[in-house]
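The values are calculated or read from the model by the stated rules, or taken from the named source; none is laboratory data. Given the structure is predicted, the values throughout are model-derived calculations rather than measurements. Because the Cβ atoms are built from the backbone with ideal geometry, glycine has one as well, and the counts that use them run over all protein chains shown. We work out accessible area using only protein heavy atoms, side chains counted, and drop any ligands, DNA or RNA first. Shrake-Rupley method; radii C 1.70, N 1.55, O 1.52, S 1.80 Å.
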Amino acid sequence: MSLRQTIDFMLYDWLRVEQLCDRPRHAEHSRETFDAVMDLSQKLADEQFAPYNRLVDVQEPEFDGERVHLPVETANAMNAFRDSGLMAAAMDAEVGGMQLPTVVDMASRSYFCKASIGMSGYLMLNRGNANTILSHGTPKQIEVFAKPAFEGRTFGTMCLSEPQAGSSLSDIATKAVPDVTGSDHGLPAWQEDPLGPRFRLTGNKMWISGGEHEMGENIVHLVLAKIPDETGKTIAGVKGISLFIVPRKLVEADGRITDVRNDVSLAGLNHKCGFRGTVNTLLNFGEGRFKVRGQAGAVGYLIGQQGQGLKAMFTLMNEARIGVGLGATMLGYAGFETSLDYAKQRPQGRPMTAVGKDAASPQIAIIEHADVKRMLMAQKAITEGGLALALICASLVDDEQTGTPETQANASLLLELLTPIAKSWPSEWALEANSLAIQVLGGYGYTRDFPVEQYWRDNRLNMIHEGTHGIQGLDLLGRKVVMNGGQALAVLGARITQTIEKAAQVEGLAAHAQALGKALNKIAQSTQAAWSTGKPDEALANATPYLQAFGHTVLAWIWLELAVAAQGVKVGGKRASDEAFLQGKLAACDYFFNFELPRIDAWLGVVSRRDMTCAQAQADWF
Ligand SMILES: Cc1cc2nc3c(=O)[nH]c(=O)nc-3n(C[C@H](O)[C@H](O)[C@H](O)COP(=O)(O)OP(=O)(O)OC[C@H]3O[C@@H](n4cnc5c(N)ncnc54)[C@H](O)[C@@H]3O)c2cc1C
């Protein structure tokens, strides 16, 4: 069973993406062009990324005090990707894009994430960075900073975190003050710079992925900072945060990239557990190492409105969160493929039947053992379910952009609600899938002779960055399910109910449809129970178990959708040769409903009771 077969099933049999070609934005496309993009992605990922995934782990980035050294294979892969034109695949033609539906672009990205998540990190960041400039920048900023990124010529970062401010971004301390040095040097006044109001930034940014390297022509940092008032004070909280474009090398108003370094210097690299293919940095802004016009302070251009920086950055973060989910899923998928292959090859043990009692009888492959099948089925259900989750979120982005007014509104609400799930569910469960892959390989899985341990290490990041798991739970229960009087939850409930009604009519799926209906009710009841006292500390005391139960319910919905689609293909008799493939989808759906969905009761129990066991434990009890 290949990934391609699963992607084709999801795109064409489930989501019916050819229908998107009826929308004017995608009119130039067809199934043929979509297939060509998949072929290209698969080939590029197989040839330029996958062969070097181990190398970028072993040869982690090095800083010699002056320069960062990466394996040359990373730059080669970036150049090959640039030449493919895929960086702007889903973008408008006017910024050099192909106007591909986001859902097809997401499927294309899955190949690169699976091949090498560390190398793909640069692509994800660059795309999100350029998209943010596209959404919030002036035409000039788009021309000068976003277009070269979409062409794959420059790279981008997101600089939010600081050593003392990770989850709590309202506490960032980086400051931006008007750059008044320009007028002495023949530059326009700071407010009138064609690239945007010009500031000088000072501060330290921690954990910045892709923060320093010499690939491409430039690095464009998107930096959150606070603008002090006349008394030098900054506004506390998120309202005081603004967003700035800070290029590594200064750029002329006509877009020409100069050789003049901006005052952004690398303080050091972080040496990570995994995900080593993406360099991770501590950056000092404005410390005076690269003085500009004789003065310390990194030159930055305000993007969007002053004080609206975090809001603008959410364009990047929401996109990045779905990207993180896809990356986690594909790491899980890579482990699934490896362990499946291994389980078919490895002879160990004998059947539990009478035949197996004969010690002289031949051993069987471990895939014949029920427990190994359990571990493989869990990986299949998690990773294929996670892929479907990323694709449905991407199709919601398409509906948001090009659907009818009603579908647009509903898509926006659903996307807001599902983003914490799209990020956190694969981060938690595809990591578990990686752990199961190690288990399937036994002792060999625990060595560096097989890639499964690297997949686990790479994946361990995903519950931490882009908003930790705990923060995603708070976002879901504290904000998303209650926003606009629970409107988004109601829209999701209606979508799930449609699936339940459809599935109730399909052979073999009625019991699952009923179970999903019950799960949906339990989510609604526990949401209400959590908030029944109106006290946030009680409601949110168990936000992470709520996130887990919500995620499992969403995934049960997705598996029921996939099972309905698989039965549809079976009954349609279109591809008799795919019997085993379709049976596999139905079995994974059965697995999810029989083994996974029942777990929500324990999670929702503590939520509904507003259990304070953990919340009320005193620090000195530990
Ligand atoms: C490899 C890597 C790459 C990264 N890349 C980038 C990047 O490119 N750009 C960027 O800006 N940042 C990046 N980050 C930073 C990342 O987003 C932060 O690590 C993350 O936001 C958590 O912040 P922290 O590490 O300071 O942990 P903390 O915020 O200190 O959290 C520690 C623990 O406390 C919990 N916690 C904190 N506050 C609360 C609360 N209010 N309620 C409940 N629990 C809470 C958290 O859930 C977590 O479990 C990266 C991090 C890593 C490790």
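Among the numbered conditions (1) closer than 16 Å to ASN284 by Cβ; (2) within 16 Å of the ligand (Cβ to nearest atom); (3) open to solvent by less than 30 Å² (accessible area, probe 1.4 Å), tell me where MET206 comes up short.
Result: MET206 fails condition (3) only.
Which ones in the range 513-547 are under 20 Å from ILE421 (Cα atoms) and either in a loop (DSSP other than H, G, I, E, B) or of a type in the set (Asp, Glu) (or both)?
LEU540, ALA541, ASN542 - these are the residues of the range 513-547 that are under 20 Å from ILE421 (Cα atoms) and either in a loop (DSSP other than H, G, I, E, B) or of a type in the set (Asp, Glu) (or both).
Report yes if some residue within the range 242-254 is open to solvent by less than 10 Å² (accessible area, probe 1.4 Å), more than 16 Å from the ligand (Cβ to nearest atom) and not in a loop (DSSP other than H, G, I, E, B); otherwise report no.
Yes - at least one qualifying residue is present in the range 242-254.
Only one residue in PRO163, PRO139 is open to solvent by 40 Å² or more (accessible area, probe 1.4 Å) and near the ligand (Cβ under 10 Å from one of its atoms), so which one is that?
Residue meeting the stated conditions: PRO163.
If only one of THR174, THR157 is within 12 Å of the ligand (Cβ to nearest atom), surrounded by 15 or more Cβ atoms within 10 Å (Cβ to Cβ), within 15 Å of PRO247 (Cα to Cα) and touching a residue at least 60 places away in the same chain (Cβ under 8 Å), which one is it?
THR157
Against the conditions (1) within 16 Å of the ligand (Cβ to nearest atom); (2) on the phi < 0 side of the Ramachandran plot; (3) in contact (Cβ under 8 Å) with a residue 60 or more places away in the chain, where does LYS226 fall short? Just the number, please.
All conditions pass for LYS226, except number (3).
When both residues are 6+ apart or on different chains and their Cβ atoms are under 9 Å apart, which pairs have a first residue that lies in the range 301-323 and is within 17 Å of LEU396 (Cβ to Cβ) and at pLDDT below 90, and a second that is open to solvent by 40 Å² or more (accessible area, probe 1.4 Å) and among the hydroxyl-bearing types (Ser, Thr, Tyr)?
Correct list of pairs: THR315/SER135.
Can you find even one residue in the range 89-101 that is at pLDDT 95 or above, part of a helix (DSSP H, G or I) and in contact with a Phe, Trp or Tyr (Cβ under 9 Å, 6 or more places away or on another chain)?
No, because not a single residue in the range 89-101 is at pLDDT 95 or above, part of a helix (DSSP H, G or I) and in contact with a Phe, Trp or Tyr (Cβ under 9 Å, 6 or more places away or on another chain).
Quick test of your reading of the structure: SER526 fulfils all but one of (1) buried (at least 17 other Cβ atoms within 10 Å of the Cβ); (2) on the phi > 0 side of the Ramachandran plot. Name the failing condition by number.
(2)
In this structure, is TRP531 crowded, with 17+ Cβ neighbours inside 10 Å and over 15 Å from VAL506 (Cβ atoms)?
yes
Identify all residues within the range 330-365 that are touching a Lys or Arg at 6+ places or on another chain (Cβ under 9 Å) and β-branched (Val, Ile, Thr); write none if there are none.
Residue satisfying the conditions is ILE364 alone.
Among (1) away from the ligand (no atom under 16 Å from the Cβ); (2) among the hydrophobic types (A, V, I, L, M, F, W, C); (3) within 24 Å of ASP399 (Cβ to Cβ), there is one condition LEU476 misses while meeting the rest; what is its number?
Among (1) away from the ligand (no atom under 16 Å from the Cβ); (2) among the hydrophobic types (A, V, I, L, M, F, W, C); (3) within 24 Å of ASP399 (Cβ to Cβ), LEU476 violates only (1).
Residues to consider are ALA565, ALA602, ALA615, ALA587; find the one that is of a type outside the set (Asp, Glu), within 31 Å of the chain's Cα centre (by Cα) and assigned to a loop (DSSP other than H, G, I, E, B).
Details: ALA565 fails: assigned to a loop (DSSP other than H, G, I, E, B); ALA602 fails: assigned to a loop (DSSP other than H, G, I, E, B); ALA587 fails: assigned to a loop (DSSP other than H, G, I, E, B).
The match here is ALA615.
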